[in-house]
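Here's the structure, in structure tokens; my notes come after.
Bear in mind that the values in this text are calculations on the coordinates, not laboratory data. All values reported here derive from a predicted model rather than from experimental measurement. Glycine also receives a Cβ, built like all others from the backbone with ideal geometry; neighbour counts cover every protein chain displayed.
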Amino acid sequence: MYTKRGQTFSLDLIIGSVVFIVLLIIFLLYSMSNVEDDQTKINLEQDASVVVGKTLTTSRPTPNGSFIVGNTINSSLLASLTGYTYAELKSMYGSRYDFCMYFEDNKGDLIDLDTRPEYVQYSIGSPTANFSIFYADGRYKETLKCGESKHI
């Protein structure tokens, strides 16, 4: 009479192998997505540098989007940017991504860009972006759409 000696495939071995392969695939997919996220972050940083660079000028400000000379903001040119559509701003600054710009004074208060006394506008940029305003003590005040002019 002949008896088999040795190990046979068991159900535990098959299940363990399947679980290991699935976990390996999930890990590899997660690792590859992080590489893409890092590249997106680099692209956003480069785009932001281009936009900021176009707001600065070494001589005198011009109506092509530059409004900062050295450490001084030309408030009339900055306010004139509120007259542009978001598509025009995006083209002017050569941005591939959505953006929202707002400005604070040296006390941390938002600067009103709207020259009309009955309106306030604290930002320019993508109307799909929102930003929140907080009181100095950290309490929430309100959320505004970027580029929105608000009647006071």
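Running a GNM on the chain with Cα contacts under 10 Å, which residue among K54, K107, K90 ends up with the highest mean-square fluctuation?
Greatest mean-square fluctuation among the candidates belongs to K107.
Mind checking which aspartates and glutamates have their C-alpha under 17 Å from K90, skipping anything on the same chain fewer than 8 residues away?
Once the sequence-local aspartates and glutamates are set aside, what remains near K90 is E45, D47, D98, E148.
Magnitude of the Cβ-charge dipole of the chain, K/R +1 and D/E -1, about the Cα centre, nearest 20 debye? Before the final figure, lay out the partial values.
On the way: 13 positive and 17 negative charges, 93 e Å.
Roughly 440 debye, rounded to the nearest 20.
Pop out the ³J(HN,Hα) list for region 77-90 in order, Karplus 6.51 cos²θ - 1.76 cosθ + 1.60 with θ = phi - 60°, rounded to Hz; leave Gly and Pro as x.
Each residue of region 77-90 in turn: 5, 5, 5, 5, 5, 5, x, 8, 6, 4, 4, 5, 4, 4 Hz.
Using modelled amide H (1.01 Å from N, peptide plane; none on Pro or chain starts), what sits under 5 Å from the amide H of Y122, excluding residues fewer than 5 places away?
L113
Taking the Cβ-Cβ separation of T72 and F131 as r and a Förster radius of 22 Å, what is the calculated FRET efficiency to the nearest 0.05?
The value I calculate is 0.35.
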